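Have a look at the structure below, then the notes.
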Amino acid sequence: MKLSLHDYISIKIHQTDLHLTSYIKAKLEAFNIAPEQNLIMMLLWEKDGLTQNQISLKLNKDKTNIARMASNLEKKGFISRRNCNDDRRSVKLFLTPDGKALGEKVIPITEEFNENVIKDITDEELELLEKILIKMSKNVDCFYK
């Protein structure tokens with residue numbers, strides 16, 4: 001084996017992701033929301049009334065996974081789901097009053113989290129990191145096509 005376990009960039013990225021996810025999971029636990037559910041909520045706090053399909057595309061998640069998470073968020077009282085008038089197969093997600101109130105508590109936490117994550121990283125470094133991650137994703141996409 002040419003490379004040791006610590007030489008693989010994919011493992012370093014995965015370990016960083018696990019570390020970030022563990023941190024935000026602990027911060028969100030008191031609000032009864034998982035990190036992946038929070039991603040849906042963040043999109044809705046930005047623009048209420050998105051379809052499950054739109055969310056699926058924005059988060060690059062499969063539709064079944066989004067539907068399951070939406071169902072859980074609905075059971076928690078944070079969103080309501082409604083069929084679209086023009087397309088009965090399409091479901092729109094809307095924030096409930098509790099979902100809107102949750103945003104007032106969670107958005108500052110996610111903003112602080114982001115500030116902590118990018119602390120001491122320059123704008124140029126962040127731009128470069130984003131470009132590199134996009135290239136890596138495209139490289140992986142080549143294996144699926």
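The values are calculated or read from the model by the stated rules, or taken from the named source; none is laboratory data. Keep in mind that what you see is a predicted model, and the values were worked out from it rather than measured. Ideal geometry is used to build each Cβ from the backbone, glycine not excepted, and the neighbour counts take in all protein chains shown.
Can you tell me which residue within the range 85-114, out of those that are assigned to a loop (DSSP other than H, G, I, E, B) and surrounded by 12 or more Cβ atoms within 10 Å (Cβ to Cβ), is modelled with the lowest pLDDT?
Ser90
Residues in the range 103-113: is at least one of a type in the set (Lys, Arg) and within 18 Å of the chain's Cα centre (by Cα)? Walk me through it before giving the result.
In the first step, residues of the range 103-113 are kept if they are of a type in the set (Lys, Arg); the result is 105.
Remaining after also requiring within 18 Å of the chain's Cα centre (by Cα): 105.
The answer is yes; a qualifying residue exists.
I'm trying to understand the selection: among the residues of the range 1-18, which are in a helix (DSSP H, G or I) and surrounded by 11 or more Cβ atoms within 10 Å (Cβ to Cβ)? Show your work before the answer.
Initially, the range 1-18 is screened for residues in a helix (DSSP H, G or I), giving 5-7, 9-18.
The answer is Ile11, Lys12, Ile13, His14, Gln15, Thr16.
Taking the range 35-73 as the search range and keeping residues that are more than 15 Å from Thr96 (Cα to Cα) and of a type in the set (Lys, Arg), which one is surrounded by the fewest Cβ atoms within 10 Å (Cβ to Cβ)?
By that ranking, first place goes to Arg68.
Going through the range 117-134 one residue at a time, which ones are part of a helix (DSSP H, G or I) and loosely packed, with under 10 Cβ neighbours inside 10 Å?
Our first condition is that a residue be part of a helix (DSSP H, G or I); within the range 117-134, this holds for 117, 123-134.
Scanning the range 117-134 gives Asp123, Glu124.
Looking at (1) farther than 30 Å from Tyr8 by Cα; (2) over 14 Å from the mean Cα position of the chain (by Cα); (3) touching a residue at least 60 places away in the same chain (Cβ under 8 Å), find the lone condition where Trp45 falls short.
With respect to (1) farther than 30 Å from Tyr8 by Cα; (2) over 14 Å from the mean Cα position of the chain (by Cα); (3) touching a residue at least 60 places away in the same chain (Cβ under 8 Å), Trp45 is out only on (2).
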